[in-house]
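The values are calculated or read from the model by the stated rules, or taken from the named source; none is laboratory data. All values derive from a computational prediction rather than experimental measurement. For neighbour counting, all protein chains shown are included, and Cβ atoms are generated from backbone atoms with ideal geometry for every residue, glycine included.
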Amino acid sequence: MPPGPVWNRTLRQVPPITLSQVIMSVMVEYTYLILRLPRGTSRDAARRLMTEHAEYGGWELDRLRLYPDGSRRIQLRRKVIRQTRTL
């Protein structure tokens, strides 16, 4: 059974949204930066490094892996902002 019509606050019928419109509005593109820290790096030094990348580069933490030998693999990401032409 298809859903009934959708109405907005002004009591006008809202056209249905297709699945492709929903997918296109949700998709976000990221660029990634991978950092590898040796096993002698302290937790505080790793935190300071990630904080600097976050504050000054606009990066956010995507994944952090601590290996059994003590080394770390940090994956940072940030959104790619595409500009559209206005002409």
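Mind checking which pairs have a first residue in the range 58-87 that is more than 24 Å from PRO38 (Cα to Cα) and a second that is surrounded by fewer than 13 Cβ atoms within 10 Å (Cβ to Cβ) and of a type in the set (D, E, K, R), Cβ under 6 Å, 6 or more apart or different chains?
The qualifying pairs are VAL80/GLU29.
Of the residues ARG36, ARG48, which is closer than 29 Å to SER71 by Cβ and either in a strand (DSSP E or B) or modelled with pLDDT under 60 (or both)?
ARG36
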